[in-house]
Amino acid sequence: MNTLLESLNYAPTELGFGTSGLRGLVTDMTDLECYINVRGFLEFLLKDTGLAPASVVSIGGDLRKSTPRITSAVVRAIQDAGHTPQYCGLLPTPALAYWAQNHDQACIMVTGSHIPDDRNGIKFYKASGEVLKSDEASIKNAVARIRAELYQSESTAFNPNGSLIVRPELQEFPAEVAQQYLERFQSVLPAGLLSGKHVVVYQHSAVGRDLLVQLLESLGA
């Protein structure tokens with residue numbers, strides 16, 4: 001039987017860290033490539049923070065067309081690493097990070113931030129906050145170990161094009177995550193702060209566009 005690498009009908013492109021998190025063309029962010037990087041991150045957490053077996057890892061995403069597919073690969077990687085994925089839906093990165101920190105969880109955000117729609121990204125957070133530049137070398141080493149091991153295995157989880165054969169469903173967690181994010185601002189801003197004010201919000205494709213309107217209205221705008 002062929003190894004996983006021998007079974008692929010394309011030459012994989014490895015993802016690299018950008019200013020914040022992994023970045024790449026959607027065509028290069030195959031399920032397999034995303035899976036390998038998430039498994040590497042989780043191995044890094046095991047050694048760096050002592051991540052316990054069956055730990056809850058929260059996941060969020062933005063509104064890009066590629067995000068649901070990439071998110072499902074992230075979920076599968078978390079499951080296969082022996083942890084519990086908690087999908088928090090489509091929401092701003094700070095909302096996911098705030099939730100995870102308050103619950104002592106690592107989290108993973110699928111977002112390309114400001115880059116074009118033909119690209120996307122994955123941001124990694126420890127329970128203490130976003131991974132630092134000083135963490136990247138250790139994460140890359142862990143990813144390389146996972147990559148070598150998986151490529152030489154006889155895994156039947158992926159098609160020759162690097163896509164998952166069985167894709168996990170994304171079962172969204174209740175809206176508590178977004179609500180906690182709103183309450184963070186409402187707790188420090190006076191009630192009625194914007195009463196009588198008319199605010200124009202150009203929403204476009206930002207994942208927090210509806211939350212922003214809710215926040216402004218809750219402050220009286």
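Taking 8 Å as the Cα distance limit and 6 or more residues as the minimum spacing, I'd like the relative contact order of the range 65-169 as a percentage.
25
If we count every other residue with Cβ under 11 angstrom of residue 110's Cβ, Lys/Arg +1 and Asp/Glu -1, where does the sum land?
Local charge sum for residue 110: +2.
Could you work out how far helix 176-186 tilts from the main Cα principal axis of the chain, as a 0 to 90 degree angle to the nearest 10?
40
Which lysines have a Cα less than 25 Å from the Cα of residue 65, not counting those fewer than 8 places away in the same chain?
123
Ranked from the most accessible area to the least, with a 1.4 Å probe and all protein chains present, what is the order of 83, 103, 198?
So, going from the largest accessible area down, we get 198, 103, 83.
If you take Rg/Rh (Cα atoms, Kirkwood Rh) from the coordinates, which of (1) 0.94; (2) 1.02; (3) 0.96 do you get?
Checking each listed value against the structure points to (2).
How much accessible surface area, in Å² rounded to 10, belongs to the heavy atoms of residue 84 with a 1.4 Å probe?
Counting only protein heavy atoms, residue 84 exposes about 60 Å² to solvent.
On the full set of protein chains, 1.4 Å probe, figure out the accessible area of residue 151 and give it in Å² to the nearest 10.
30
Shape verdict for the range 75-206, please, from the Cα gyration tensor: rounded (a/c under 1.5), prolate (a/b greater than b/c) or oblate.
Prolate.
So what is the relative contact order for the chain, in percent, with contacts set as C-alpha pairs under 8 Å and at least six apart?
It comes to 26 percent, rounded to a whole number.
What does a probe at residue 154 reach in the range 1-26, counting residues whose amide N is under 20 Å from the point 7 Å along Cα→Cβ?
From the range 1-26, the list is 1-9.
Per the helix-only calculation at 222 nm, which mean residue ellipticity applies to the chain, given -39500 (n - 2.57) for every DSSP H run of n ≥ 4 and division by its residues, nearest 500 deg cm²/dmol?
Result for the chain, helices only: -12000 deg cm²/dmol.
The values are calculated or read from the model by the stated rules, or taken from the named source; none is laboratory data. Model, not experiment: these values are computed from the prediction. Neighbour counts are summed over all protein chains in view; Cβ atoms, including those assigned to glycine, are modelled from backbone coordinates with ideal geometry. Areas reflect the complete protein model, heavy atoms only, side chains present, ligands, DNA and RNA absent. Shrake-Rupley method; radii C 1.70, N 1.55, O 1.52, S 1.80 Å.
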